[in-house]
Every structure is written in C-alpha cells, then in structure tokens.
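*Asks:* Supplied in structure tokens, the structure appears directly below.
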Amino acid sequence: LLTQWNDTCKPESQDKSVHELFEAQVALNPDAIAVVFEGQAFSYAQLNQRANQLARYLVAQGVRSETLVGVCVERSVDMVVSVLAIMKAGGAYLPMDPTYPKARLAHMVEDSGLQWVITQTHLCGHLEVSQTICLDDECISEELRQFEHGDLDKNDLGLSASNLAYVIYTSGSTGKPKGVMLEHRNVTNFLNSMQVQPGLTSDDTLLAVTSLSFDIHVLELYLPLMSGGTVVMASSEQVQDPDALTKLMVTHHVTCMQATPATWKMLVSNDWQPQSPIKALCGGEMLSAELKDALLSRGTVELWNMYGPTETAVWSSVSLIESRISLGKPIAHTQFYVLDSNLAPVPVGVAGELYIGGAGVARGYLNLPELTAERFVRNPFSEDGTARLYKTGDLVRWQPDGTLEYMRRLDQQVKVRGHRIELGEIESGLLQHPQVKDTVAHVWTADDSAHIVAYVIGEFDEQEEALKQALTAHLEARLPTYMLPSRYVLLNEIPLTPNGKINRLALPKPNFT
C-alpha cells in the first residue's frame, strides 16, 4: 500500500516553468494554430509575441518574482495572453471572474494585496485596485506595441520552478474564500503526466469550456499549448448552449473536451452524437453510472474519470472508464495514503481519509498559516523531512487492483456543477440578513443533479416566493451564482441529534419535480 501502489516516479523533469513548456512548442512549430476564438485563429508565434510584449510591459510597471496580478477578463484570446504574460514576467496570476459580486472581488483584492489587475474597460468599475491594465484601451495597446516581443530570460528575472504560478480562490468554511498557492513545479508535473495519460499530441484539438476561476482551466489551456495542439475556446454564451458546443466540435474537429458531469449531462440530454472519436474527460464531482452509460453508448467516446483537489494541482488521479467507476491510480510523482484518525494506513477495502503527497502538493493557503498547518501535514512515510501530505477530507477505500473508490466527504464541503462549495459560507451569508436568526444549508440530489437548499429560521412577513427573492438578492451581492440556493425552506427550529449536532437526516426534503 505504501510502496508498490505509490511507485509513480517518472523520468520527466519538473525544473521548467509552465510558460517554458509553451515556448518550447513555439520554437518547434511557430506557425501552427495555438488558439481559436470566435472564428479568429492565432499561431503559436503570434500568441507568444503578444504575451511577451505584455510581460515586458508588466516588468516595466514593477511586476517581479512572486508578484500577484489579477486577471478579470471575459473569455477571449486576451485571457490566454494575460496568464502567459504574467508568468513570463515572473508574477503569479489570480483569476477574478467578472461575474462574481463586487464584494467578493473586493475581498480577493484586500486579502491578496493585489496592486495590478489586467482587465477590460467595461469591467473596471468592478475593481478597486491601485492599477488596472485595460487591454482594450487604445493607449495601453499603443504602449504594448513599443515593447520587444522576444522571450524573457527567466535567469535575468531570478525565476525557478518553485516560484508561484497562480493563486486560486476557493470557497471557505469560515464564510470567506481562501487562496490556494500553486507553484510552477506543481503544475508542470501535472501537465507532464496528463500528456502521457489521458494523453494529448500535436494532432489534437481541445474544446475549452471552463472558467479561469476553476482550476481545471490549467489542463484546458496549457496541455494543448505544451503539446503543439490547438485550444478552441468557447464563449461564455456557447458554454451554456449544447447546440453551440456541438457545432464547435464539428467545425473544429475537436478530439478532446474536459468538463464537469453537469456539462456532459447537458450535451447528452440534447441527444449529442459525436461525429468522430473524442476523449471525454469528466471531473469536478462524482461521475454517476447513468451518465457513464450514456456517454459510453455513443460508441466513439473514450471516457476518463478525473479526480483531485485544487490543493494538489488540478487532477491527482485519472481512470479510463470502461465498466466500473473508480478514481484510478495516482499520477506521476504522486502518492495516495488512505489513513485512519491516527495517520495509520488502513487495509484494502476499509474506509479511511485520503492524504495526497508528492510533486503536486501546493505551497499552502495565502495568508492563512494556521489553516495551512492543519491541512498540509508532514509526511510520516517519507525520509525527506520537508515532504508534506494534503489532508483531503475525502473518505475512500482501496480496491484490490490498486485503484481508489470514492465514498463521501468527511465535512460539509460539497460539489455542485463541479464547483467546490463550503456550506458554511452560504450560511454565513444568510446570517448577515437582519431577519435570519438561524440557518442550515444542505445539498439534496434529485434527477442526478445537486440542489442547494437553505433552511432558515426568522421573522418573515413575506410570502414564500417573495422571501426567496429577498434572500436571493441578499446573497447575490455576496456569493457567486453557482453558490445560490435553489430552494428556501422556513423552519420553526433546526432539528438536532441527542448530542446537540444538526440532524441533517431530519431536514425536510423539498419536492424537486
């Protein structure tokens, strides 16, 4: 359990930065198509030149090694240019979804100490930072054209693979989102492993459908760009339209797409039939047997189940699904430990908490040393005194073939449409409403979909529909859309167990039909 199934060492080097993997392909295939968006195609050379000019501009503005730079940009080629440029300049990018409430974006700015945000003119009002760099501003565009477009020397910038690549904010149980810090070496190990399995080559075209604020964008953007392939970016509108996604697949001969079960279910429900073989990468929440069967029945779908928390660099395991659903085995330079409460390994078939070690383990949480120490613990099975394990909170068990079976969460973290949500953050937001005295958020599953339900106690004069509108409006100013409850249930009291804990099994289940 500790050695054979964790023997994942590979010959690949992790001493490269993410953008260097892209630059290697620029040198090999400068005229190959790198990115396509809304009918416009950009070659590797064109994308690299634009990223280099912006990188040199950022350095001139004062961006240095480990400087955090926000990216608040609509889905576009500018989004790809921005993240590459920030890393080339030595900084680390911080995705800021333009659809997030202003209060949430303000927290991210304050918590991270951001001074620069790359954005667009119509989004500037969302942001309170000392300097916004609006890429669609003609003055900025003219300034950028003055800079050379050759690659920057990372040695001149004092960069190494242990520098930060990006910080992603995830839902926090305390009511505030927290930033997870990922280094280049974490990401390059992940990308090198993904290039082998599920596998991507210069012949592949990947359809990108994920928000930059969701860490699986790392695979969508960088795996094709390090492999000589093509990224076809769906617009924000196309992402939610199954007909539009199908048209993109056919038009651009898409060979790979990564999405959450919710997106794959949307396509299947629309009677999607792939015109040619496609790798379907499914992750972010549990893959159901029903969806698995529906995808495999298409005949030309190669289905992969992807698993991993943000804290260990996107996906930590992959599994080719042909019949039984499993989390698979750890990727390169990654170790899985299924442990009891005393950090002792449990036997095959016995449930325990999953701890993940290896090259993907993040630096920790931004400005949260106590939480970092709690969730990132010393690896007792390693001779390296600096090696750490990430405590996932996932209850799993080993199968006899060395794969993992997912069972459930050990806390109140849930996944809805692929997004990681701490129910405590929803409860914290509701308790800020003056009429809410107590509340419990819970997730129910109906028709193979997750639904957030908020149970509230308070003094309300409104009818139920008016109450829902009032509470939704209250939360919309504080939380992203994907965290909003779909139902509100009024209670006189919260049901408790004999030992005084919330009895979630006694909460009344709404009718979802």
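The values are calculated or read from the model by the stated rules, or taken from the named source; none is laboratory data. Keep in mind it's a predicted model, so treat the numbers as computed, not measured. With ideal geometry, Cβ positions are generated from the backbone for all residues, glycine too; neighbour counts draw on all protein chains shown.
*Asks:* Give region 101-119 a look and list any residue that's of a type in the set (Gly, Ala, Ser) and part of a helix (DSSP H, G or I), or say none.
*Replies:* Within region 101-119, ALA103, ALA106, SER112 qualify.
*Asks:* Could you tell me how many of the residues in region 125-177 are under 24 Å from the mean Cα position of the chain (by Cα) and in a helix (DSSP H, G or I)?
*Replies:* Residues meeting the conditions: 1.
*Asks:* Quick one: which of SER173, SER202, SER162 is surrounded by fewer than 21 Cβ atoms within 10 Å (Cβ to Cβ), free of Cβ contacts under 8 Å to residues at least 24 places away in the same chain and among the polar types (S, T, N, Q)?
*Replies:* Checking each option against the conditions leaves just SER162.
*Asks:* Can you work out which of the residues in region 284-294 that are surrounded by fewer than 23 Cβ atoms within 10 Å (Cβ to Cβ) and of a type outside the set (S, T, N, Q) is nearest to THR210 (Cα to Cα)?
*Replies:* Among those residues, the one meeting the criterion is GLU285.
*Asks:* Answer yes or no: is there a residue in region 187-194 that is outside any helix (DSSP H, G or I) and in contact (Cβ under 8 Å) with a residue 12 or more places away in the chain.
*Replies:* For region 187-194, residues outside any helix (DSSP H, G or I) and in contact (Cβ under 8 Å) with a residue 12 or more places away in the chain: absent.
*Asks:* Condition check: in a strand (DSSP E or B) and not hydrophobic (A, V, I, L, M, F, W, C). Does GLN273 satisfy that?
*Replies:* no
*Asks:* Looking for something touching a strand residue (DSSP E or B) at 6+ places or on another chain (Cβ under 7 Å), at pLDDT 90 or above, of a type in the set (Val, Ile, Thr) and assigned to a helix (DSSP H, G or I) - is there at least one such residue anywhere in region 83-90?
*Replies:* Among the residues of region 83-90, at least one is touching a strand residue (DSSP E or B) at 6+ places or on another chain (Cβ under 7 Å), at pLDDT 90 or above, of a type in the set (Val, Ile, Thr) and assigned to a helix (DSSP H, G or I), which makes the answer yes.
*Asks:* Quick one: in region 115-159, of everything that is surrounded by fewer than 14 Cβ atoms within 10 Å (Cβ to Cβ) and polar (S, T, N, Q), which residue is farthest from MET79 (Cα to Cα)?
*Replies:* Out of the qualifying residues, it is ASN155.
*Asks:* Can we say LYS154 is touching a strand residue (DSSP E or B) at 6+ places or on another chain (Cβ under 9 Å) and charged (D, E, K, R)?
*Replies:* no
*Asks:* Of the conditions (1) at positive phi; (2) free of Cβ contacts under 8 Å to residues at least 40 places away in the same chain, GLY402 satisfies every one except a single condition; which number is it?
*Replies:* The failed condition is (2).
*Asks:* Which residue out of ARG363, ARG388, ARG408, ARG378 is basic (Lys, Arg), within 17 Å of THR334 (Cα to Cα) and surrounded by fewer than 16 Cβ atoms within 10 Å (Cβ to Cβ)? Show your work before the answer.
*Replies:* Values: ARG363 fails: surrounded by fewer than 16 Cβ atoms within 10 Å (Cβ to Cβ); ARG388 fails: surrounded by fewer than 16 Cβ atoms within 10 Å (Cβ to Cβ); ARG408 fails: within 17 Å of THR334 (Cα to Cα).
Exactly one residue qualifies, and that residue is ARG378.
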